[in-house]
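For reference, the structure discussed in these notes is given below.
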Amino acid sequence: MSPYALSMLMSSLAVGTIVTLSSHHWFLAWMGLEINTLAIIPLMTKMHHPRATESATKYFLTQATASALILFSTTINAWMTGEWTIMNMTNPTPTVILTLALAIKLGIAPFHLWLPDVLQGLNMLTCLILSTWQKLAPMALMMLTSHQLNTNLLIAMALMSTIIGGWGGLNQTQMRKIMAYSSIAHLGWMILVISFAPNLALLNLLIYLVLTSSMFLMLMTLNSTNTNKLSISWLKTPTLAASMMVTLMALGGLPPTSGFLPKWLILQEMTKQHLGALSALMAMSALLSLFFYIRLSYTISMTSPPNISNSSLTWRKKKNLTYVIPILIIMSATMMPITPTLLLLN
């Protein structure tokens, strides 16, 4: 792809998200989402492969359906209330339609089926953009309207997302599909607490962005797209392979990594809301995700490939590591000590 075209598409991605984040009018927010969708589709199809074309088609159809539902719900709301303000979603019918539309855009269960298939057909960089940057605008709209959304619907979708996200990743061998189910499970934790404490949902989103970005960047550096390639990652860069194990434990939510912080605070908030049974279900569903993270860590550290290559190309292969990866790895492992500060801010 031409550098000029690539810079134009990346700029359009940034502009679309910023328009949605800074708008108070529903039509402007919808327009930002559309710019975002149209900008990422050429990035998906730049590989010139049938799987990439299939992924782009599936993504376009699901996002177009979600955009139509958003426009439909906001039009009904404007007809009932007489205004297009984002913060004024008072009628239950357009609110439920909007919740379902944003769930389709984000890939929250039961509208998650497109996400693993779409990610599997893309290269790692586009997967990184789709799993991180493309979540910002819909999640911002959900946070802005969180006090008016149907809490029972959000709780049901959150529980379903964490169970499906953990269960779906158990038998996967492709890293992109594993990261897709990881994204579904993390989104379930975000929307669980979004109507009770939006600041905790924002904290969870920020930590999710750090963990997912570091994981994808490490997979790109090691050129690992499945578990078999992951098992020889220690031959290429041993330090990075060890750091990937820490990041996987953070994604699973094990203390004292950063991933434990949002789960701990969310479960604490749920028990304050007298939802002890729901907290127990969410904690047990997190064990499903933790299992395949531990399995990946075992693959990296304690298994050998069936045929070890004698070539010098894979032995301690030096990669041009950017400064971004070490910073993200440190943030993935060491954000736990800021918990007292966050509790004071609440």
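The values are calculated or read from the model by the stated rules, or taken from the named source; none is laboratory data. These numbers were taken from a predicted model, which means no experiment stands behind them. Because the Cβ atoms are built from the backbone with ideal geometry, glycine has one as well, and the counts that use them run over all protein chains shown. For the accessible areas, the whole protein counts, side chains as well, though only heavy atoms, and no ligand, DNA or RNA atoms are used. Shrake-Rupley method; radii C 1.70, N 1.55, O 1.52, S 1.80 Å.
Averaging over all projection directions, the Cα-based convex hull of region 150-344 occupies 11.0 nm² in the image plane. Backbone geometry of region 80-85 corresponds, through the Karplus equation with coefficients 6.51, -1.76 and 1.60 at θ = phi - 60°, to 3J(HN,Hα) couplings of 7, 9, x, 8, 9, 5 Hz, x marking Gly and Pro.
Largest first, the residues Leu159, Leu251 sort by 1.4 Å accessible area into Leu159, Leu251. Computed with a 1.4 Å probe on the full set of protein chains, the accessible area for Leu153 sits at about 40 Å².
Surface composition of region 150-344: carbon and sulfur atoms hold 67% of the protein heavy-atom accessible area at a 1.4 Å probe. Normalising the Debye intensity of region 1-92 to I(0), with uniform scatterers on Cα atoms only, and taking log10 at q = 0.16, 0.23 Å⁻¹ returns -0.72, -1.10.
Note on Ala242 and Trp167: the model spin-label points, each 7 Å out from Cα along the C-beta direction, lie 3.9 nm apart. FRET efficiency for Met302 and Asn226, Cβ-Cβ distance as r, R0 = 22 Å, nearest 0.05? Taking R0 as 22 Å, the efficiency between Met302 and Asn226 is 0.80.
Could you give me D for region 50-207, from Stokes-Einstein at 10 °C and 1.306 mPa s, where the hydrodynamic radius is the Kirkwood radius over C-alpha pairs? Units µm² s⁻¹, please. Spell out each step's value before the answer.
Numbers: Rh = 15.9 Å.
Taking Rh from Cα pairs, D becomes 100 µm²/s.
The HN-Hα couplings worked out from phi for region 34-43 by the Karplus form 6.51 cos²θ - 1.76 cosθ + 1.60 (θ = phi - 60°) are 5, 4, 4, 5, 5, 7, 8, 5, x, 5 Hz, whole numbers, x standing for Gly and Pro. In region 84-124, the alpha-carbon atoms span a convex hull of 94 Å³ per residue.
Please compute the per residue accessible area over the chain with all protein chains in place, 1.4 Å probe, rounded to a whole number of Å². Spell out each step's value before the answer.
Values: 15210 Å² over 346 residues.
Per residue, the chain has an accessible area of 44 Å².
Protection proxy ranking, highest mean first, for peptides 99-110, 52-63: 99-110, 52-63, where packing is the per-residue count of other beta-carbon atoms within 10 Å, averaged. Phe27 sits with roughly 100 Å² accessible to a 1.4 Å probe, with DNA, RNA and ligands left out of the calculation.
Cross-link check: pairs Lys58/Lys229; Lys236/Lys263; Lys58/Lys263; Lys105/Lys236 evaluated at a Cα-Cα cut-off of 30 Å; pairs beyond the cut-off: Lys236/Lys263; Lys58/Lys263; Lys105/Lys236.
Top to bottom by accessible area (1.4 Å), largest first, where do Trp79, Trp189 land? Present the calculation step by step, with values, prior to reporting the outcome.
Details: Trp79 205, Trp189 10 Å².
From most accessible down to least: Trp79, Trp189.
Backbone amide hydrogens, once placed in the peptide plane, bring Asn226 within less than 5 Å of Met175, excluding anything fewer than 5 places away on its chain. Taking all protein chains together and a 1.4 Å probe, the residues Val210, Val193, Val246 rank Val246, Val210, Val193 from largest to smallest accessible area.
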